[in-house]
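What follows is a single structure, written as structure tokens, with notes after it.
Bear in mind that the values in this text are calculations on the coordinates, not laboratory data. These numbers come from a predicted model, not from an experiment. A quick note on method: Cβ atoms are made from the backbone with ideal geometry, for glycine too, and the neighbour counts reach across all protein chains shown.
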Amino acid sequence: MASTRDYYEVLGVSKDAGAGEIKKSYRKLAMKFHPDQNPDDPEAEDRFKELGEAYEVLSDEDKKAAYDRYGHAAFKAGGAGGGGFRGGGFNDPMDIFSQVFDGAFGDFFGGGRGQPRDGRKRGSDLRYNLEISLEESAKGVSKALELEKFVRCKPCKGSGSKGSGGAQTCTTCQGVGVVEQRMEGFGGIFRKQVVCPDCDGSGQVISDPCPECVGQGRVEKVDRTQIEIPAGVDHGTRLRSSGNGDAGVRGGPAGDLHIVLKLKRHDVFERRGEDLFCEVPVSFGTAALGGELDVPTLEGAASIKIPTGTQGGTIFRLRNRGIKDISSGRKGDLNVEVRVEVPTRLSGEQKEKLASFTESIGEENSPMHESFLEKAKKFFNL
């Protein structure tokens, strides 16, 4: 599961590159890392998908403008809560490749749209919005996701055929995948090639289609997928689960599942990067006289020493009590800000004693008040 890199870096172009330069760079790199050129090479496949995603964004003026302004955040899933949805991710990298090469795909790799001439086709990538707790992001967690997607048809084992007939050459297009269409215009009769309507461009048809999947080799259903969330993930982290997207057509490879994480708001802690922050109340007496204070951490309660005369807003740092960095493994810190509580329900006797005490300590024991008065005198030229 790789993290998303800068799209300009992926394509090897500068931020002021024009559409022509972006397309030229994509064509060169996509040819280099195409799966047919690098069989059984998962790294090349990842690069090919990454190139498709980068080109899809940078070749579109609106998407490019949004990316230049907001970065990857412009394409993160919106909405609260966890839930899967179809069509929320990027387009199939094979489709992008075919569009860029204007249908000449088969001239390079011997198959229209990069698919074998037996009707097999890669499944689509899917995206799932998953909400997790702060504790789960810190420690990692295993999640069972339920989402509607295409899965391999069990009766035909994904072949699309109910018997041994299998795929046969399409008689309409003679296995080419395209047919010629005649069109009449003011200048005469024109001919153009269109995708064969009977085989959908694959050049093959199923002679005895499976009744369960109607020859597609896959059916749509709610499927349960188990995924592992590593420790250290953050809000907006994108994870990819290879092969857990839609099943391919007629035994084609499955797409990937992209998980976009959202952290639930925590009642106690606020996360900033790998550091955690929280506010803890401390009594007036403890702040004035000093003592020990129990504070919460993700591992349980911890005790900190409160020095004599601690002021409200003082921050105590607990080393290595934050979140583990997903890359380096280094743990952040926990920052505890103390809030001095002022008594609100005092008896008459308590009020008298507190007034007497306040008068007895004088301003020399109120450094913040004394500092404020000095600043006020300078401000008003007193």
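The table for this structure:
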{"read-out": "Three principal axis lengths of the range 207-352 [C-alpha, angstrom, descending]", "value": "98, 38, 20"}
{"read-out": "For the range 251-259, 3J(HN,Hα) per residue [Karplus equation, 6.51 cos²θ - 1.76 cosθ + 1.60, θ = phi - 60°, Hz, x = Gly/Pro]", "value": "x, x, x, 6, x, 9, 10, 9, 9"}
{"read-out": "Long-range HN-HN contacts of Tyr128 with modeled amide H, under 5 Å", "value": "His258, Ile259, Val260"}
{"read-out": "Above-threshold pairs, the threshold being 18 Å between Cα atoms, out of Lys64/Lys149; Lys49/Lys262; Lys23/Lys63; Lys139/Lys264", "value": "Lys64/Lys149; Lys49/Lys262"}
{"read-out": "From the C-alpha gyration tensor of the range 271-338, square roots of 5λ in Å", "value": "26, 10, 9"}
{"read-out": "Residues in the range 34-61 that a label on Ala19 would reach, taking backbone N under 13 Å of a point 7 Å out along Cα→Cβ", "value": "58-61"}
{"read-out": "Relative exposure of Ile326, Ile229, judged by other C-beta atoms within 10 Å (fewest first)", "value": "Ile326, Ile229"}
